[in-house]
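Readers should treat all values here as calculations from the given coordinates under stated rules, not as data from a laboratory. On a predicted model such as this, the values are computed, not experimentally measured, just so you know. Here the Cβ positions follow ideal geometry from the backbone for every residue, glycine too, while neighbour counts run over all protein chains shown.
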């Protein structure tokens, strides 16, 4: 029986523009199909930070600079990026599967992910999105639309949105059916479109961004995956990162990972959510393990020659 893996693609696997992304996903597709060739059932999650900011910015700029277009609600921006990133990935993966003579479909599911309306993250927006404004513009928009703005590294003011915890994947039954049928499935793109559930089948999108590693961990748990694989820019997790005493880690237990978090070894917004997502998956799964490595080393890491393996 083949092993099921959920892969969370980092931003280095995609691009900041459609043109850059088209070039980068060719390399990404080659890595994905390598793993299919190794006999794995592959399900893919991905981020959308630059892309959703680009779409949101384009609509917002056009709406406020005489373009005559309406501003686009943030959940719809997330849905748009899921669609076009999935389109690029499934084209490239499909082409690579055909090139290697592998008869396997690839499909994207535009995915809603339920979040708790009472999640504390809604009281503390932290995820910057969209364009930069000066103080007066930000204050005016905040007053008109109720947005929250923060000063961003001396470059101006940017809107920030919450980053709530994923609770439930709405389209999970569809994903399960596609995986069972042998498809390579692209889902929970950008962490999924955040929605609040009012009653069975009744959902409302909210202005938020779900961390794609946390959503991929939720997906891996719900699918009963054997492994969560987080592909990022480095081959291994390190402690004392970028210091003379940096040490790369081959293996980590959940308890060791928690201790390193307590010691402050992993940067928020960078390695920390990746390690926390791995802990969540490994601690709650039945025998599952997690792996953090680079896109280029994924095949070798799954063979045990590189990467950081997180175990119970």
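What's the center-to-center distance, using Cα atoms, between the stretch 155-176 and the stretch 187-250 in Å?
10 Å
Tell me, rounded to the nearest percent, the portion of alpha carbon pairs in the stretch 213-261 spaced more than 15 Å apart.
60 percent
Among 279, 239, 93, whose mean-square fluctuation peaks in a Gaussian network model of the chain (Cα, cutoff 10 Å)?
Of 279, 239, 93, the most mobile in the Gaussian network model is 239.
For 34, 248, 144, what ranking results if the residue with the fewest other Cβ atoms within 10 Å of its Cβ goes first? Please report the intermediate quantities before stating the final value.
Details: 34 17, 248 14, 144 8.
By the 10 Å Cβ count, ascending, the order reads 144, 248, 34.
Relative contact order of the chain, please, whole-number percent, based on alpha carbon pairs below 8 angstrom and at least 6 residues apart.
Values: 629 pairs, mean separation 63.8, N = 312.
20 percent.
What value in Å³ per residue do you get for the convex hull of the alpha-carbon atoms in the stretch 51-97?
On the way: hull volume 3.0 nm³, N = 47.
In the stretch 51-97, the Cα convex hull volume per residue is 64 Å³.
Between 22, 89, 291, find the one with the highest GNM mean-square fluctuation for the chain; connect C-alpha pairs within less than 10 Å.
Evaluated over the chain, the most mobile residue of the options is 22.
Rounded, prolate or oblate for the stretch 1-75? Axes are the square roots of the Cα gyration tensor eigenvalues, ordered a ≥ b ≥ c, and the cut-off for rounded is a/c under 1.5.
Cα axes put the stretch 1-75 in the prolate bin.
Counting only helical runs of four or more DSSP H residues, what would the 222 nm mean residue ellipticity of the chain come to if each run contributes -39,500 (n - 2.57) and the total is spread over all its residues? Please report the intermediate quantities before stating the final value.
Numbers: 9 runs with 122 residues, N = 312.
So the helix-based figure for the chain works out to -12500 deg cm²/dmol.
Just the Cα atoms of the stretch 47-139, one point each, no solvent: what log10 I(q)/I(0) does Debye give at q = 0.15, 0.23, 0.24, 0.25 Å⁻¹?
-0.78, -1.21, -1.25, -1.28
How do 140, 155 rank when sorted from fewest to most other Cβ atoms within 10 Å of their own Cβ?
Starting with the residue having the fewest Cβ neighbours, the order is 155, 140.
Take the alpha carbon atoms of the chain, find their radius of gyration, then divide it by 2.2 N^0.38 Å using N residues; give the quotient.
Values: Rg = 19.5 Å, N = 312, 2.2 N^0.38 = 19.5 Å.
Normalised Cα radius of gyration, the chain: 1.00.
What ratio of Cα Rg to 2.2 N^0.38 Å holds for the stretch 228-312?
Numbers: Rg = 11.9 Å, N = 85, 2.2 N^0.38 = 11.9 Å.
In units of the 2.2 N^0.38 Å rule of thumb, it is 1.00.
Taking Cα centroids, how far is the stretch 61-95 from the stretch 258-312 in Å?
Each part's Cα centre sits 31 Å from the other's.
Can you sort 195, 229, 167 from fewest to most other Cβ atoms within 10 Å of each residue's own Cβ?
Numbers: 195 21, 229 26, 167 16.
Ascending number of Cβ neighbours within 10 Å: 167, 195, 229.
Mind checking the angle between helix 49-64 and the chain's longest principal axis? C-alpha axes, 0 to 90 degrees, to the nearest 10.
That helix lies at roughly 20 degrees to the long axis.
Run the Debye formula on the Cα coordinates of the stretch 121-217, all scatterers equal and no solvent, and tell me log10 I(q)/I(0) at q = 0.12, 0.18 1/Å.
-0.52, -0.89
Could you identify which residue out of 19, 76, 171 has the top mean-square fluctuation in a GNM of the chain using Cα springs shorter than 10 Å?
Residue with maximal mean-square fluctuation among 19, 76, 171: 19.
Calculate the radius of gyration of the Cα atoms of the stretch 147-272 to one decimal place, then report Dmax, the largest Cα-Cα distance, as a whole number, both in Å.
Gyration radius and largest Cα-Cα distance of the stretch 147-272: 18.1, 54 Å.
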